[in-house]
1. Could you list all residues from the range 24-41 that are surrounded by 10 or more Cβ atoms within 10 Å (Cβ to Cβ) and not in a helix (DSSP H, G or I)?
2. Would you be able to say whether some residue in the range 1-18 is polar (S, T, N, Q), in a helix (DSSP H, G or I) and surrounded by fewer than 10 Cβ atoms within 10 Å (Cβ to Cβ)?
3. Exactly one condition in (1) assigned to a helix (DSSP H, G or I); (2) surrounded by 10 or more Cβ atoms within 10 Å (Cβ to Cβ); (3) among the hydrophobic types (A, V, I, L, M, F, W, C) is not met by Ala21; state its number.
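The numbers here are math on the coordinates, done by the rules we state, and not lab data. Since the model is a prediction, treat every value here as computed from it, not as a measurement. Methodologically, a virtual Cβ is constructed for each residue, glycine included, from the backbone with ideal geometry; neighbour enumeration extends over all protein chains shown.
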Amino acid sequence: MKTVSLKIDESIFRETEKILASMKKPRNRYINEAIDYYNRVQKRLILEKKLKKESDLVKKDSLAVLKEFEELGYAD
């Protein structure tokens with residue numbers, strides 16, 4: 001495990017401490033779970049952005065191929 005020192009806004013720290021008191025969960029575990037969750041969300045957003053970019057790249061070609069098929073009568 002790595003040791004990390006960080007500065008947290010006072011209001012966030014107080015809110016976290018209140019939550020931890022009711023959960024009976026160690027602060028370290030709570031922060032690890034929060035970072036893990038945030039990392040998963042960010043990975044999804046990165047993938048979504050990548051897929052959108054790739055989709056936009058092939059969009060014109062796909063429309064051109066579809067138009068060619070329609071002109072050949074294969075769209076039926």
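1. Lys25, Pro26
2. At the first step, the residues of the range 1-18 found to be polar (S, T, N, Q) are 3, 5, 11, 16.
Keeping just the survivors that are in a helix (DSSP H, G or I) gives 11, 16.
Restricting the remaining residues to those that are surrounded by fewer than 10 Cβ atoms within 10 Å (Cβ to Cβ) gives 11.
Yes.
3. Every condition holds for Ala21 apart from (2).
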